[in-house]
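Please read the structure below before turning to the comments.
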Amino acid sequence: MTTLNYACFKSFFIFVCIIYLPGLLFFLGFEKGYMKYYNFDGGLYSAFIILFPLFNLIVFLCFYYLGKIPIIRFSRLNSNLSLFLIFVVSFCYFLLSVNFSLNFTSSFRHINRLSNAGPLVSLLFLMKPMMFFIVALMLIHILNGSQLGGKSRFALFLILIASVLSLNSSLHFLAIPILLCMLFKPKVFLLTSKDINWRNMLVAMFFVPVVASLVIFIGIGNKVGYAYLISAEGIVFLKGYGDILFPRMSTSLFSSVIMLQHSFDGISYSNDIFDAITSTLYNRFSLILPLDNFDSSLINTVNRLNYMVVFANHAERAGASPGIISSVFYTPLFPLTLVIIPVYVFILYRSLAYHMNQDIKLNLLSCIVLPFLLLNLFESPINIFYLLDPIFILFFTVVFLGKFIDINTVFTK
């Protein structure tokens, strides 16, 4: 396996370990919380020992064998034109975020409906994943050993300010320290084990808990209100939140083992998935075509189905992304999807590798940050079939449009 393919596989493997493995550890201390949270009565560890290594082995084989296929190079756009387009969309994203901050709060997801928020907010949510892809390209430029030019740094600064103004989820908050590091401390993404000293370790020991605490605070505050959270009752609530927080962080893990259990029981959701895709597509196209009236109350998606199958208690309109591994069971043509989904992972990383130097080496931080910036594509791959959807547009941008950008010349400006 080449250095480039190994770096990409290592990034994915570390990423899925961070998503899935902590749930196994949390389960030891919060078993009662898990049992009342999920529809699960099987053997968690035995199911995971079957599924997790098998899936990652197939992903490894995809990188090993498909990685031998030569990368086909595309003609690139003029670097000045590319940078101009990136600056225009960054500025538009900034303006849309200003509009969002003036009219909504960070609790937007819990008190508003996107379909009722107006076209400007819909456009903001449509652009956000693509903006993070631009950030991912800038990060790859840094990982290639190059520095961002003044104009590129200004575009990145606009994305940073826009991300602060449009903050509406705890995971979204994680992008802010990433953007700050890229602007002011890009070398942290290049540190090797030889570069780590006591000073770096002390800085990490300080900032990691601070960032984690802010993520938890924002995530809970969005749901229950910040005024309540800083009250005496809110502090008591916060102290007991572990029984809810840790199980909720393990949704991808439990989605995987529950779906594995259902597959052993002969339960298939292929018909439900086809119905979800066709009905949602028809409903969305009714917005722009002379079809039946658009039904804003419809919520027939993979995320909703996963929520109904996996969770014990159901809110009226909630959903939960199944995660990359359990998507194997939701994607039609199972068990062929045991290969299809790993190939999908390979295609995503091959699209990123298109911009990387052949001898690139990713440290632990960059292994985590790169897939995080494209998290939407890993949460539920089948969502790319929902046309007129941010995930479809992001996928198309990553695997096709992004290849017309020569990052080595664009981001040096």
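Every number here is computed from the coordinates shown, using simple stated rules; none is lab data. Keep in mind that this is a model prediction, so the values were computed, not measured. Note that each Cβ is placed from the backbone with ideal geometry, even for glycine, and that neighbours are counted across all protein chains shown.
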Reference-scaled alpha-carbon Rg (2.2 N^0.38 Å with N residues) for the stretch 1-101: 1.72
Label-point separation, residue 41 to residue 72 (7 Å along Cα→Cβ), nm: 5.2 nm
Backbone N under 17 Å from the residue 21 label point (7 Å along Cα→Cβ), restricted to the stretch 248-262: 250, 252-254
Footprinting exposure proxy for 178, 18 (fewest neighbouring C-beta atoms within 10 Å first): 18, 178
Distance in nm between pseudo-label sites at residue 388 and residue 347 (7 Å out along the Cβ direction from Cα): 2.3 nm
Above-threshold pairs, the threshold being 25 Å between Cα atoms, out of 10/68; 185/361; 128/151; 10/413: 10/413
Added length on full extension, which subtracts the Cα-Cα distance from 0.36 nm per residue, residue 58 to residue 144: 28.2 nm
